[in-house]
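Enquirer: I have a structure I would like to understand better, so I am pasting it below and will then ask my questions one at a time.
All of the numbers you see were taken from the coordinates with simple rules; none came from a lab. Please read all numbers here as calculations on a predicted model, not as lab measurements. In this analysis, Cβ positions are derived from the backbone assuming ideal geometry, glycine residues included, and neighbour counts consider all displayed protein chains.
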């Protein structure tokens with residue numbers, strides 16, 4: 001399942017997509033949990049009883065601000081969460 | 001076996017009491033809805049409201065709590081249903097219920113009072129892709145309701161009025177509060193009410209459509225949630241999505257509760 005967490009507002013579309021099929025058998029040992037400086041990810045058991053990562057609810061409403069520090073304007077050349085997620089389950093829409 | 005699905009929406013609580021039928025020679029007749037009940041909670045305490053809605057549903061079906069094998073809850077307030085064995089997300093419950101009603105559909109759009117979401121599903125009603133808007137209600141029913149109030153119309157009149165307009169007036173505001181001032185400006189510039197109603201519903205449809213396009217429009221589209229009752233919105237959504245038809249269930253607000261009750265029954269059987 002592709003789970004899109006986030007929103008669209010007047011300034012743009014801000015979604016973090018998590019491919020849960022790649023996330024279930026994580027070969028990166030859940031590196032996203034520690035890679036995100038804001039610790040936005042957590043592991044949950046979804047409706048199909050699979051252990052997958054999701055974006056914490058409060059962060060889903062503030063993604064454009066929460067992720068701003070990790071974007072190129074914050075000095076990063078690649079996003080820490082996407083780099084840490086070696087299976088390639090995490091994607092940003094912006 | 002009877003199971004219950006409770007959809008704790010932000011505006012109303014929907015309860016479905018589902019009975020497993022197991023009719024010999026007719027495997028498609030697996031479930032029957034024993035009772036569908038809706039309650040607009042007057043109580044701010046959601047635990048109390050959930051209890052009350054469930055008791056009302058049981059009483060009108062002539063059942064007692066012990067007659068129901070298991071209760072599952074869904075919706076924004078699902079965690080408040082203390083007597084529910086499990087909470088199911090709105091995506092999973094909505095997809096399950098929608099595909100039960102329209103097995104050929106693969107794209108499910110759910111527009112309720114406070115939230116809208118788009119889902120892509122497989123043949124058994126398992127959500128395989130979803131997107132919602134976690135930030136604001138501008139793509140949902142309460143936005144349309146606020147705008148109909150500004151136009152001093154009932155929701156029914158509002159939906160009907162939009163069908164009488166063929167104008168496309170873009171609404172730029174993304175936020176309900178700012179959109180309301182945009183509606184007031186249109187009123188002051190003597191724009192006909194029908195055109196304003198269409199502009200508002202086009203705006204809601206365009207926001208919902210943006211979410212659906214994120215997951216992709218595939219196969220038949222089914223719309224669930226309370227906004228199905230707004231004929232103007234359905235028409236605007238059809239145009240925005242560029243589809244010829246959208247399947248509409250008879251009791252659209254109950255679909256998530258139905259899906260929730262079905263998942264409860266399936267987990268008991270497995």
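Enquirer: Only bridges with both residues in segment B:1-159 count here: give the DSSP antiparallel percent, nearest 5.
Expert: 80 percent
Enquirer: Continuing with this model, one more query. Please report Rg over Rh for segment A:2-92, where both radii come from the alpha carbon positions and Rh follows the Kirkwood definition.
Expert: Taking Rh as the inverse mean 1/r over Cα pairs, Rg/Rh reads 0.95.
Enquirer: Which shape class applies to segment B:117-160: rounded if a/c is under 1.5, otherwise prolate when a/b exceeds b/c and oblate if not, where a ≥ b ≥ c are the square roots of the Cα gyration tensor eigenvalues?
Expert: In terms of gyration-tensor shape, oblate.
Enquirer: Also: Answer rounded, prolate or oblate for chain B, using the Cα gyration tensor with square roots of eigenvalues a ≥ b ≥ c: rounded when a/c is under 1.5, else prolate when a/b is larger than b/c, else oblate.
Expert: The shape class here is prolate.
Enquirer: In which sequence would B:162, B:256, B:189 go, from the one with the fewest C-beta neighbours within 10 Å to the one with the most?
Expert: B:189, B:162, B:256
Enquirer: Place a point 7 Å from Cα of residue A:56 in the direction of its Cβ. Which residues in segment A:1-18 have their backbone N less than 17 Å from it?
Expert: The answer is A:5-6, A:16, whose backbone nitrogens lie closer than 17 Å to the label point.
Enquirer: To the nearest 0.05, what FRET efficiency results for residue B:168 and residue B:11 with a Förster distance of 41 Å applied to their C-beta separation?
Expert: My answer for the efficiency is 0.90.
Enquirer: Another question, if that's okay. Of the residues B:86, B:19, B:66, which exhibits the maximal mean-square fluctuation in a Gaussian network model of chain B defined by a 10 Å Cα contact cut-off?
Expert: Its mean-square fluctuation being the largest, the pick is B:66.
Enquirer: Given only helices, namely DSSP H runs of n ≥ 4 each adding -39500 (n - 2.57), what is the per-residue ellipticity at 222 nm of the protein assembly as shown, to the nearest 500 deg cm²/dmol?
Expert: -10500 deg cm²/dmol
Enquirer: Would you mind checking the tilt of helix B:231-241 against the longest principal axis of the Cα atoms of chain B, expressed as 0 to 90 degrees and rounded to 10?
Expert: It works out to around 80 degrees.
Enquirer: Continuing with the same structure: So for the pair residue A:94, residue B:229, with labels modelled 7 Å out along Cα→Cβ, what separation do we get in nm?
Expert: So the two model labels end up 3.5 nm from each other.
Enquirer: Compute the Rg/Rh shape ratio of segment B:24-148: radius of gyration over Kirkwood radius, all on alpha-carbon atoms.
Expert: Dividing the radius of gyration by the Kirkwood radius yields 0.99.
Enquirer: Hey, another quick one. How much length, in nm to one decimal, is gained on full extension between residue B:181 and residue B:33, taken as 0.36 nm per residue of separation minus their Cα-Cα distance?
Expert: That pair, residue B:181 and residue B:33, stretches by 48.9 nm at full extension.
Enquirer: Rounded, prolate or oblate: which fits the protein assembly as shown when a ≥ b ≥ c are the square roots of the eigenvalues of the alpha-carbon gyration tensor, with rounded for a/c under 1.5 and prolate only if a/b beats b/c?
Expert: oblate
Enquirer: Separate question: How high is the relative contact order of chain B? Use alpha-carbon pairs under 8 Å, at least six apart in sequence, and give a whole percent.
Expert: Across chain B, relative contact order equals 24 percent.
Enquirer: Then there's this: Can you tell me the orientation of helix B:255-269 relative to chain B, as the angle in degrees between its alpha-carbon axis and the longest Cα principal axis, to the nearest 10?
Expert: Helix B:255-269 and the main axis of chain B meet at about 20 degrees.
Enquirer: May I pose another question? So if each residue of separation counts as 0.36 nm, and I subtract the Cα-Cα distance between residue A:39 and residue A:76, what length gain in nm does that give?
Expert: 11.6 nm
Enquirer: For segment A:2-92, calculate the relative contact order in percent as a whole number, restricting contacts to Cα pairs under 8 Å that are 6 or more residues apart.
Expert: 35 percent
Enquirer: While we're on this one: Over the alpha carbons of segment B:212-270, what is the largest minus smallest coordinate on each principal axis, giving the biggest first in Å?
Expert: Answer, in whole Å and largest first: 42, 24, 16 Å.
Enquirer: Kindly work out what percent of the DSSP beta bridges joining two residues of the protein assembly as shown are antiparallel, to the nearest 5.
Expert: DSSP beta bridges in the protein assembly as shown are roughly 70 percent antiparallel.
Enquirer: By per-residue mean of other Cβ atoms within 10 Å, what is the highest-first order of A:4-10, B:105-111, B:213-219?
Expert: B:105-111, A:4-10, B:213-219
Enquirer: List A:45, B:121, B:191, B:92 from most exposed to least, where exposure is judged by having the fewest other Cβ atoms within 10 Å.
Expert: A:45, B:191, B:92, B:121
Enquirer: Then there's this: Counting only the backbone N, which residues of segment A:19-46 are under 11 Å from the spot 7 Å out from the Cα of residue A:86 toward its beta-carbon?
Expert: A:27-31
Enquirer: Applying 1/(1 + (r/R0)^6) with R0 = 30 Å to the Cβ-Cβ distance of residue B:220 and residue B:190, what FRET efficiency is obtained, to the nearest 0.05?
Expert: Computed FRET efficiency for residue B:220 and residue B:190 comes out at 0.15.
Enquirer: How large is log10 I(q)/I(0) at q = 0.21 Å⁻¹ when the Debye formula is applied to the Cα atoms of segment B:134-262, each weighted equally and without solvent?
Expert: Values returned for q = 0.21 Å⁻¹ are -1.27.
Enquirer: What is the extension gain from residue B:250 to residue B:47, computed as 0.36 nm multiplied by their sequence separation minus the C-alpha to C-alpha distance, in nm to one decimal?
Expert: Full-extension gain reported as 70.2 nm.
Enquirer: Cut-off 10 angstrom, C-alpha nodes, Gaussian network model of chain B. Which of B:55, B:24, B:195 fluctuates the most?
Expert: Of B:55, B:24, B:195, the Gaussian network model singles out B:24 as fluctuating most.
Enquirer: For the pair residue B:160/residue A:27, report the inter-label distance in nm, with labels modelled 7 Å from Cα in the Cβ direction.
Expert: 6.2 nm
Enquirer: If you rank A:52, B:243, B:231 by fewest surrounding Cβ atoms within 10 Å, what's the result?
Expert: With the fewest neighbours first, A:52, B:243, B:231 line up as B:243, B:231, A:52.
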